[in-house]
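Scroll down for the structure; my scribbles are underneath it.
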Amino acid sequence: MAEETNPREELYERFKASLKRPVADRYFDEDELVEIYDYAGDLSDDYVQLEVLFCGARLYPASASLAERRALMYLDTSVDDSDEPTPAAGSFLNDNPELQTPLFEIARLQINRPSDPEGALEYILGQFETLGDEEIIRFLDLAFDLGCYDWVISNLPRLRTKVKFMPTLVYEIMREAESSGDDETVITLAEELIESEPFAVGYWVTLFKAQAKAGKEEDAKSSFDYARALGADNPDALLILAESVYSFAPYLYSEAYEIIEGLKEENPDEFMYTDCQCAILVRMGAGSKAINILREYLDKHPGHSRAMRQLLACNVPDASDYLDRFYDATGGEGFDPATYAELVTTLSLNGSMTSLEALLTRSGAGVDMDPGDFCAWIESLYALGRYEELAQLVDAHPNKGVFVTIPLKGSAVIFAYIVALMKLGRGDDANAFFSEVRPALEAIIEDAPMPVRMSIRTVFTLADKMRRHPADDTLYWEYFNMLNYEKK
């Protein structure tokens, strides 16, 4: 049997087709234009919404319903991507004071926030017998924006008497309850929606998630099975289901892994599934298997940026090999600048020094490198015990004094360089370098913030150790590890 046509979609498509014809050939009645506008809003199609308003202004200039949509368009147009509407919204409402429909009253309260939010909501309910779908959606948005979630829950029986289509009311409140962490309300409302539409997989997924968060394990397992069965042909729903298991239901990790494995088999090139699969494996304590799966994916897609980032985060010993393939596959471009900068910071903070060193060595330019990146490079080499390479890099730097001017990281480089020189038996060079930077460090420590003072104090403590343990005291310097890095 052929699929049933959605009347609103059919209207929407017919209107879009009419936009290619002369304006005089566009004939839609007022109710049709309202339906098209609302449907286009569901699809985030601003173009069609604007064209509906232009068409409506020509055909039905006195239409209150279309005037409401104009108010909503102004209301939804924000300033500089903020949540504040443009001044045009207030101007339009002020220019149409005679319009007292629910949407206009709601819009006015959005622009001019009431001092008594609950009283304002009570006023709207008292003014109008019924609220249509768009009206109840906007009313609830207003209530939640005003911080009246508890008021909505308390007045739910009353709100039920005001709406024409109950699922819209229930669904909108359920979404807010989910955002608010009110799992019991989510469960109640999701069960109600399932009664009206038992084969809607999205409701089952929402119910499962709420039950899992509420600690109702047996109920959650049952809802999971229903959602999985209903979503068998819906990859998006299955992915959301698996992600919900990852976050809230560890007792279903194996089942979630099976779901992702099935999705991956159908679309092996989509990294999203590999990523989810690896995340679940890590939660299951199978980190080594997850890393091997990442490697397998990169073997087939060596230029995939996100996969490469994930492998670097694992701090694997063969990171440099995969980085070489990644740079070759991207024509030497590697990561974009923003991703590269984020990676350096993340790997450094997480202590992923093998990956950090591989990344900076592969893309580094020595003394021409960004000072912060150069400091991170030195830190990684120090952590890995590669003192000869560390010393060579700093030796080649034309302005070693620059490290004094870099808060925290600069002090770490000074410390690491001095220790590396001592470990290499170059005590005279270490003492000479300390003498060179000491005056500047002493000047800075007087007024620097506490973290900077502490980092500089570490260097001074190191100088005292140097005095008591010369470079030829090899046994001492072999194990000296003031920065708490594991000895390599």
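The values are calculated or read from the model by the stated rules, or taken from the named source; none is laboratory data. Just so we're clear, the structure is a prediction, and the values are computed from it rather than from any experiment. Here the Cβ is made from the backbone with ideal geometry for all residues, glycine too, and neighbour counts use every protein chain on show. Heads up: the accessible areas ignore ligands, DNA and RNA and are worked out on the full protein's heavy atoms, side chains in. Shrake-Rupley method; radii C 1.70, N 1.55, O 1.52, S 1.80 Å.
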Quiz item: Any residue in region 351-358 that is surrounded by fewer than 17 Cβ atoms within 10 Å (Cβ to Cβ) and either within 22 Å of Ala412 (Cα to Cα) or at pLDDT below 95 (or both)?
Solution: yes
Quiz item: When you scan region 413-432, how many residues do you find that are within 13 Å of Gly401 (Cα to Cα) and either at pLDDT below 90 or surrounded by fewer than 19 Cβ atoms within 10 Å (Cβ to Cβ) (or both)?
Solution: 1
Quiz prompt | Every pair of residues 6+ apart whose Cβ atoms lie under 6 Å, when the first sits in region 51-77 and is charged (D, E, K, R) while the second is surrounded by 17 or more Cβ atoms within 10 Å (Cβ to Cβ) and modelled with pLDDT under 90 | solution = Glu68/Leu103
Quiz item: For region 278-293, which residues satisfy the criterion of being assigned to a helix (DSSP H, G or I) and over 20 Å from Glu357 (Cα atoms)?
Solution: Cys278, Ala279, Ile280, Leu281, Val282, Arg283, Gly287, Ser288, Lys289, Ala290, Asn292, Ile293
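Which one of these is open to solvent by 60 Å² or more (accessible area, probe 1.4 Å) and at pLDDT 95 or above: Asp299, Asp324, Asp336, Asp328? Break it down stepwise before answering.
On the way: Asp324 fails: at pLDDT 95 or above; Asp336 fails: at pLDDT 95 or above; Asp328 fails: at pLDDT 95 or above.
Every option except Asp299 fails the conditions.
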Quiz item: Can you pull out the residues in region 33-63 that are over 38 Å from the mean Cα position of the chain (by Cα) and either of a type outside the set (Gly, Ala, Ser) or under 18 Å from Ala88 (Cα atoms) (or both)?
Solution: Cys55, Ala57, Arg58, Leu59, Tyr60, Pro61
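Please verify whether Ile36 is part of a helix (DSSP H, G or I) and touching a strand residue (DSSP E or B) at 6+ places or on another chain (Cβ under 9 Å), treating the condition exactly as stated. Before you say what the answer is, go through the steps one by one.
Values: part of a helix (DSSP H, G or I): yes; touching a strand residue (DSSP E or B) at 6+ places or on another chain (Cβ under 9 Å): no.
For Ile36, the condition - part of a helix (DSSP H, G or I) and touching a strand residue (DSSP E or B) at 6+ places or on another chain (Cβ under 9 Å) - is not met.
From the list Asp29, Asp25, Asp42, Asp76, which residue is modelled with pLDDT of 90 or more, touching a helix residue (DSSP H, G or I) at 6+ places or on another chain (Cβ under 9 Å) and among the acidic types (Asp, Glu)?
Working: Asp25 fails: modelled with pLDDT of 90 or more; Asp42 fails: modelled with pLDDT of 90 or more; Asp76 fails: modelled with pLDDT of 90 or more.
Asp29 is the lone residue from the list that is modelled with pLDDT of 90 or more, touching a helix residue (DSSP H, G or I) at 6+ places or on another chain (Cβ under 9 Å) and among the acidic types (Asp, Glu).
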Practice problem: Please verify whether region 108-116 includes one or more residues that are in contact with a Gly (Cβ under 7 Å, 6 or more places away or on another chain) and open to solvent by 30 Å² or more (accessible area, probe 1.4 Å). | Solution: yes
Quiz prompt | Checklist (1) touching a Gly at 6+ places or on another chain (Cβ under 6 Å); (2) open to solvent by less than 50 Å² (accessible area, probe 1.4 Å); (3) not polar (S, T, N, Q) applied to Pro470, failing item | solution = (2)
Quiz prompt | Segments classed as helices (runs of 4 or more DSSP H), wholly inside region 296-406, with at least 3 members that are farther than 22 Å from Leu281 by Cβ | solution = 319-329, 337-350, 353-363, 371-383, 387-395
Quiz item: Which condition breaks for Tyr203 when tested against (1) open to solvent by less than 70 Å² (accessible area, probe 1.4 Å); (2) touching a residue at least 24 places away in the same chain (Cβ under 8 Å); (3) of a type in the set (Phe, Trp, Tyr)?
Solution: (2)
Quiz item: Got a sec? Which of Asp150, Asp133 is open to solvent by 40 Å² or more (accessible area, probe 1.4 Å), modelled with pLDDT under 95 and acidic (Asp, Glu)?
Solution: Asp133
